[in-house]
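Working notes, beginning with the structure itself.
The values are calculated or read from the model by the stated rules, or taken from the named source; none is laboratory data. A quick note: this is a predicted structure, and the numbers were derived from the prediction, not measured. Cβ atoms come from the backbone with ideal geometry, glycine included; neighbour counts cover every protein chain shown.
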Amino acid sequence: MTVASHYSYWVTIFLAVAGLYIVIARGNLVKKLVGLSIFQTSVYLLYIAPGKLIGGTAPIVSSEFQVYSNPLPHVLILTAIVVGVATLALGLALVVRLKEAYGSIEEDEILAQDRDA
Amino acid sequence: MISVLLTLMAIATTAIIVQRNLFAVVILFGIYSFLMATVLVALDAVDVGMTEASVGAGISTVLFLGVLYLTRSEEMKPMHRPLLPLAFALATGFMLVYGTLGLPAFSDPDAPMHRHVAPRYINEGLRETGVPNIVTAVLASYRGYDTLGETTVVFTAGIGVIALMRRIRRRRREQPK
């Protein structure tokens, strides 16, 4: 194990942890959703990076190539991207709805209003 | 080259954490998504790279900008110090790094994922489905029902968004009276 052989894993972990931190620590709902999206995209890297073979090519079969990257993570992550944008759209619609109901998109202000009510 | 792109992504993420103007955060997230799409192409995942560039960098950014137009674009200063979340995130990070120590090195052709199922699809996929692009062959042919389930998820999310937004539009129409 060297830094070069595991660098992609560690950047992936940094992105995941940064996304997790934004989701927990930040009260703004839009910022939370940005953090959630970063967490989600870090998973794409986690799946795709190990599938790469140096000297290989994209998994489109041709007689000129012998080595291909692993196609299965690509299929899984294609599904994950589309589902990710669907959940993001639903989350953002909820943010707009909360803004209409409470006049704020800050978690602290919304909780304070709930406490006063 | 992949390492440079990954480092740029880490820098963009750090900028997103620090920045409080939400408009800047959304634009930085668009940059992050395009960097991700470039990394995916460099990792030979061309289909995923195209989808990430159009969906992640395109549609997501437009959705975020639309929400900023309907809400506001400045983030409040936090009321309490983020020590507990920071400790939790760091602990998770250290555990994950510890977990990677036993994983195979980058681009190791002897890694289990390259020896087990993938060669079967690469060797037999063209003959069995007639599609040279293996990702398309698996997505639309071998795992066609999964893709059907995926469209169901998108459909459900679309219904949810419409249900939430319709109430708002109706109330807006009633208010001016």
Can you pull out the residues in the range B:123-146 that are touching a helix residue (DSSP H, G or I) at 6+ places or on another chain (Cβ under 6 Å), surrounded by fewer than 18 Cβ atoms within 10 Å (Cβ to Cβ) and at the interface with chain A (Cβ under 7 Å from one of its Cβ atoms)? B:P132
How about the range A:23-33: which of its residues are within 7 Å of chain B (Cβ to nearest Cβ) and part of a helix (DSSP H, G or I)? A:I24, A:A25, A:V30, A:K31
Filtered residues of the range B:1-22 (kept if without any contact (Cβ under 8 Å) to a residue 24 or more places away in the chain and farther than 19 Å from A:A4 by Cα): B:A12, B:T13, B:T14, B:A15, B:I16, B:I17, B:V18, B:Q19
If you check A:L36, A:L20, which single one turns out to be within 21 Å of B:V97 (Cα to Cα), in a helix (DSSP H, G or I) and more than 7 Å from chain B (Cβ to nearest Cβ)? A:L36
The residue from A:I24, A:I38 that alone is closer than 21 Å to B:I2 by Cα and without any contact (Cβ under 8 Å) to a residue 40 or more places away in the chain is A:I38
Whether any residue in the range A:2-12 is surrounded by fewer than 19 Cβ atoms within 10 Å (Cβ to Cβ) and either touching a residue at least 40 places away in the same chain (Cβ under 8 Å) or outside any helix (DSSP H, G or I) (or both) is what I want to check. yes
Exactly one of (1) more than 7 Å from chain B (Cβ to nearest Cβ); (2) at pLDDT below 85; (3) closer than 28 Å to B:P104 by Cα is unmet by A:G56. Its number? (1)
Go through the range A:64-117 residue by residue and tally those that are more than 7 Å from chain B (Cβ to nearest Cβ) and over 30 Å from B:A45 (Cα atoms). 15
